[in-house]
Amino acid sequence: MSLCLNRLVILAACLAPLGVLGCRFNVRDVGFVDLGSEPYRLYLFVDDAMPAAERESLQSIAIATFYDSNVKSQLLPLGQARQTEAGAFLPDGFTGETPAAVLVSPDQKTTLPVPLAKAGAPILQTAWDALEPVLDSPRRNAILERVFDRYGVVLLVEGRDDAENRRVRSMADAAVSEITAKLPGLEKEIQQPPVVEVISLGDFGSEQAFLWSLGIRKVLETPQVVILYGRGRMIGPVLSGEQLSQSSVSAILTTIGLNCECGLDRKWMQGLMVPLKWDRNRKQEIAKQLGFNPESPEIRIEMSQILAKGGPGQGVNRSKIVGDTLDELLTGYRTGNLAASNPPEQSAMPPGQVFETDKPLAPGFPMSGWIALAGISILIVGGIIVLVAYMRESQ
């Protein structure tokens, strides 16, 4: 009898990995969890002689404006600023006579001046209106609502060429349709498909802070495209010129639905987040939608461990190897499309590269289902073997 128990223990140990083969998160899920991203910094530079009461009032306005957001504000008198690292962000020629605000990117490589003063109006009256657009603007609000609720958003920022705007819009719609058709085959369901959103030439000025955070500084002759997902994150680069094509948009969109163990570099799964509020109501809505609480320490630890293990080429349910650059991503995407439509021996693949098609083995039946069936089959066969061995020993 003890021999049978030993065999059962061995069988259970063999089957245990099957329970963890399928990651319960996808890239979109990871995009909602903050695993230690750097905030934006907003520095308020004021004259050394500004009265303490005015300083406190201005600081209070900034704190109230950026509460529950990924923007951290700090008020600094001119003399103090010059003695800290914030001094590197002082506006050219700033004398302190009129307060100045500067928004600094998380990597501290780019800045955006935020004009605080208006002629003839006290600074404490104009500061609210000046600071609020950093987090709150009409098109940005509407776009982020769709980012939170859907697979993702293809954001098209119009250029001056109307014909190109129409052509790229048509191309983006085609890429969205392509991804939408693949949703039933995802290992983890995403109910709402991606959509295309547009920021027109007329909206560019009022969305300056939003577009600056995405790396879009000015209007070009041709459109620019950015893909957003999860917690207002940007995935991949700004697409324009030769990089902007249906295949590039489709390739980046495809990564959002991948299993979190797909081997995708962590910097893609935790892409740059735009300045936004993340209050209690939003947290509750997102937790209900996802089926887990992205603010939970346990979830953060679990995801960190998964991403730490999932280096390039790892992950049982990996669909393709994706690289650090758009060219590497597109190479993997084209290879994947080719291999999915031709027998393996006819597909041109680099030596040593492992390929697994992103199609399910049967229409509408995900890989995780086949893994579960394989586990059940092994359990049944193993049970029969143990039972036969036990009967023989009993004779």
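The values are calculated or read from the model by the stated rules, or taken from the named source; none is laboratory data. None of the values given here were measured: they were computed from a predicted structure. Methodologically, a virtual Cβ is constructed for each residue, glycine included, from the backbone with ideal geometry; neighbour enumeration extends over all protein chains shown.
For (1) closer than 30 Å to Glu302 by Cα; (2) part of a loop (DSSP other than H, G, I, E, B); (3) not assigned by TED's automatic domain parsing to the domain that holds Gln208, each residue gets a yes or a no:
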site: Leu44; (1), (2), (3): no, no, yes
site: Asp48; (1), (2), (3): no, yes, yes
site: Arg55; (1), (2), (3): no, no, yes
site: Ala62; (1), (2), (3): no, no, yes
site: Leu75; (1), (2), (3): no, no, yes
site: Phe94; (1), (2), (3): no, yes, yes
site: Val102; (1), (2), (3): no, no, yes
site: Gln108; (1), (2), (3): yes, yes, yes
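Checking every residue in the stretch 159-181 against the condition of being part of a loop (DSSP other than H, G, I, E, B) and of a type in the set (Gly, Ala, Ser) gives at least one match.
Every condition in (1) out of contact with any helix residue (DSSP H, G or I) (no Cβ under 9 Å at 6 or more places or on another chain); (2) within 23 Å of Met273 (Cα to Cα); (3) of a type in the set (Asp, Glu) holds for Asp68 except the one numbered (1). Residues that are among the acidic types (Asp, Glu) and assigned to a loop (DSSP other than H, G, I, E, B) within the stretch 220-243 comprise just one, Glu221. Of the residues making up the stretch 107-126, just one is over 22 Å from Gly79 (Cα atoms) and buried (at least 16 other Cβ atoms within 10 Å of the Cβ), namely Thr126.
Just to be sure, is Val196 assigned to a strand (DSSP E or B), assigned by TED's automatic domain parsing to the domain that holds Met234 and either in contact with a Leu (Cβ under 8 Å, 6 or more places away or on another chain) or over 30 Å from Ala64 (Cβ atoms) (or both)? When the stated conditions are applied, Val196 passes them.
Here is a yes/no grid of residues against (1) surrounded by 15 or more Cβ atoms within 10 Å (Cβ to Cβ); (2) outside the structural domain of Arg160 (by TED's automatic domain parsing); (3) of a type outside the set (S, T, N, Q); (4) over 17 Å from Ala142 (Cβ atoms):
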site	(1), (2), (3), (4)
Asp173	yes, no, yes, yes
Arg217	no, no, yes, yes
Val226	yes, no, yes, no
Gly230	yes, no, yes, yes
Gly241	no, no, yes, yes
Ser248	yes, no, no, yes
Cys260	yes, no, yes, yes
Gln270	yes, no, no, yes
Asp279	no, no, yes, yes
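Please pick out the residue among Ser206, Ser213, Ser170 that is within 29 Å of Val33 (Cβ to Cβ) and either among the small types (Gly, Ala, Ser) or in contact with a Phe, Trp or Tyr (Cβ under 9 Å, 6 or more places away or on another chain) (or both). After applying the criteria, what remains is Ser213. When Arg167 is tested against (1) more than 20 Å from the chain's Cα centre (by Cα); (2) in contact (Cβ under 8 Å) with a residue 24 or more places away in the chain; (3) under 18 Å from Ser248 (Cα atoms), only condition (2) is not met.
With respect to the stated conditions, Ser206 is among the small types (Gly, Ala, Ser), touching a helix residue (DSSP H, G or I) at 6+ places or on another chain (Cβ under 9 Å), surrounded by fewer than 18 Cβ atoms within 10 Å (Cβ to Cβ) and closer than 22 Å to Arg41 by Cα.
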